[in-house]
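The values are calculated or read from the model by the stated rules, or taken from the named source; none is laboratory data. This one's a predicted model, so the numbers in the text were calculated from it and none came from an experiment. Here the Cβ is made from the backbone with ideal geometry for all residues, glycine too, and neighbour counts use every protein chain on show. For the accessible areas, the whole protein counts, side chains as well, though only heavy atoms, and no ligand, DNA or RNA atoms are used. Shrake-Rupley method; radii C 1.70, N 1.55, O 1.52, S 1.80 Å.
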Amino acid sequence: MLELIQDGYNGFICRNLDEFVRHLEELANDPAQLITMRRNALLSIQQTRADDDDDYQLELRSPEILLFFY
């Protein structure tokens, strides 16, 4: 299985609410890290899609936060 989320690189994998809040505060307090993580996420998605469909294209839009719990 392809791992889409690389913890700390293009997103965070939160195991509980405390981790979620900590990471959310971390990004809120460090706009440069948020921008870097957004770019890394976009590049990861583009690379994944390019492997499947060369015509697929994503555009950077307003900040969106995806949360994954397991």
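Residues in segment 21-49 that are open to solvent by 80 Å² or more (accessible area, probe 1.4 Å) and not in a helix (DSSP H, G or I): 29 alone. Under the condition of being part of a helix (DSSP H, G or I) and either out of contact with any strand residue (DSSP E or B) (no Cβ under 6 Å at 6 or more places or on another chain) or charged (D, E, K, R) (or both), the residues counted in segment 9-20 number 3.
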